[in-house]
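Notes follow the structure.
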Amino acid sequence: MFDLKGKVAIITGGSSGIGASAVSMFHQLGAKVTIGDIQAEQGEALASELGDLVRFSRLDVTDPSAWERTVHETESAFGPVNILVNNAGHGGHRKSIQDLSLGSGLIDHNQKMTVAAIAMADMKVWAQRS
C-alpha cells in the first residue's frame, strides 16, 4: 500500500470538496497535513475531526505573504514541506470558456494562485539545495 508516513503536505482548497477528500486521504496514508484555505470554519472543523497531524492555516492563495506564513507555520509544526497539492481555485462562474476573458476575475485569481504557489515551491527547492 502507498505510504506517506514522514511526509509533510500543504493542500490548498482543502476545506471542502476534492481538497477535503485529498486531506483525508493524505492523513489516512500517514502524512502530516496543513489545510490552506480561506474557508476557515470548514477547514478548522476538518482539522479538528482528523486530529493532531492535520492543521488549518488561513491561506489566500493569491497572496505571497500568506504563502510565507502558511509555509512557516507548517514547518514549525511538522518539519519541511515535501508535498504541495495546489487544488484551490475560483470556479464561481456559469459561463462557457468562450465567454471568459484574460482580464476576468476568475482567470486573474487562478493565475495569481499558480504563480504564488510556484514561487513558494521554487524558493523551498533552492533553499534545500544550499
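Numbers for the structure displayed
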item: Matching residues in segment 11-34 - criterion: being surrounded by fewer than 23 Cβ atoms within 10 Å (Cβ to Cβ) and at positive phi; result: G17, G30
item: Criterion violated by V61 - all others in (1) surrounded by 22 or more Cβ atoms within 10 Å (Cβ to Cβ); (2) in contact with a helix residue (DSSP H, G or I) (Cβ under 7 Å, 6 or more places away or on another chain); (3) at pLDDT 95 or above satisfied; result: (3)
item: Of residues in segment 29-71 being part of a loop (DSSP other than H, G, I, E, B) and of a type in the set (D, E), the one nearest to A88 (Cα to Cα); result: D60
item: Test: I18 is under 14 Å from the mean Cα position of the chain (by Cα) and more than 21 Å from P80 (Cα to Cα); result: yes
item: In segment 1-21, the residues that are in a helix (DSSP H, G or I) and either within 18 Å of V71 (Cβ to Cβ) or without any contact (Cβ under 8 Å) to a residue 12 or more places away in the chain (or both); result: G17, G19, S21
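The values are calculated or read from the model by the stated rules, or taken from the named source; none is laboratory data. Note that the structure is a prediction, hence the values are computed from the model and not measured. Cβ atoms come from the backbone with ideal geometry, glycine included; neighbour counts cover every protein chain shown.
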